[in-house]
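For reference, the structure discussed in these notes is given below.
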Amino acid sequence: MAPLPNVDGDSERGSSLTRSALKTVRTALDVPERELARWRRIFDANAKVIDGEKYLDPESFVNAIAPSGDLTKIGRAQFALLFRVADASRRGLVSWDDFTVFETLLKRPDADYWMAFQYFDVDHDGYITFNEFKNVFTANVGPDAIPFDFDW
């Protein structure tokens, strides 16, 4: 599958990129209307109104995507990491368009690789530098992890 554009929704250019990304995503993967309606119900049930628009903040995003019930295998903190991927505009909020792109991309066969790339590509330039990798990796390693020497 072809790579999809990064979306920056904070400018007029970003708005057109959002529409372009949505069109690309929706044509690349056929999402049934029934599924879009289900996503809309989930989004609306968890969204907060900010400046007259509905958005998911980090907590409401996790509420929307994390399954209810047993979270012993994957905790809320791990689901919260995905917020950074879904928040394409980097404004701390996920719009309906961002949520649709995020959910649709989860249907891609390469979704796990795409998500990891987006997570490590902090500046969204399409490349992961050594420093980006090192900083993200270091920030997400637990205290019990085996030490890794980046300077060998």
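The values are calculated or read from the model by the stated rules, or taken from the named source; none is laboratory data. Owing to the predicted nature of the structure, the values given are computational and were not obtained by experimental measurement. A quick note on method: Cβ atoms are made from the backbone with ideal geometry, for glycine too, and the neighbour counts reach across all protein chains shown. Heads up: the accessible areas ignore ligands, DNA and RNA and are worked out on the full protein's heavy atoms, side chains in. Shrake-Rupley method; radii C 1.70, N 1.55, O 1.52, S 1.80 Å.
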* Residue count for the range 125-152, restricted to those that are closer than 21 Å to Ala88 by Cβ, without any contact (Cβ under 8 Å) to a residue 40 or more places away in the chain, outside any helix (DSSP H, G or I) and of a type outside the set (Ser, Thr, Tyr) -> 2
* Among residues belonging to the range 51-96 that are of a type in the set (Lys, Arg) and in a loop (DSSP other than H, G, I, E, B), point out the one that is farthest from the chain's Cα centre (by Cα). => Lys73
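Conditions (1) free of Cβ contacts under 8 Å to residues at least 60 places away in the same chain; (2) surrounded by 15 or more Cβ atoms within 10 Å (Cβ to Cβ); (3) among the polar types (S, T, N, Q), marked per residue:
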| site | (1), (2), (3) |
| --- | --- |
| Val49 | yes, no, no |
| Glu53 | yes, no, no |
| Asp57 | yes, yes, no |
| Phe79 | yes, yes, no |
| Ala88 | no, yes, no |
| Gly92 | yes, no, no |
| Thr104 | no, yes, yes |
| Lys107 | no, no, no |
* Return yes or no: is Phe99 under 10 Å from the mean Cα position of the chain (by Cα) and either open to solvent by less than 20 Å² (accessible area, probe 1.4 Å) or farther than 29 Å from Asp51 by Cβ (or both)? => yes
* To do: Go through the range 129-152 residue by residue and tally those that are within 19 Å of Val85 (Cβ to Cβ), touching a helix residue (DSSP H, G or I) at 6+ places or on another chain (Cβ under 7 Å) and open to solvent by less than 70 Å² (accessible area, probe 1.4 Å).
  => 2
* To do: For residues that are touching a residue at least 12 places away in the same chain (Cβ under 8 Å) and over 13 Å from the mean Cα position of the chain (by Cα), scanning just the range 109-123, find the one that is most open to solvent (accessible area, probe 1.4 Å).
  => Pro109
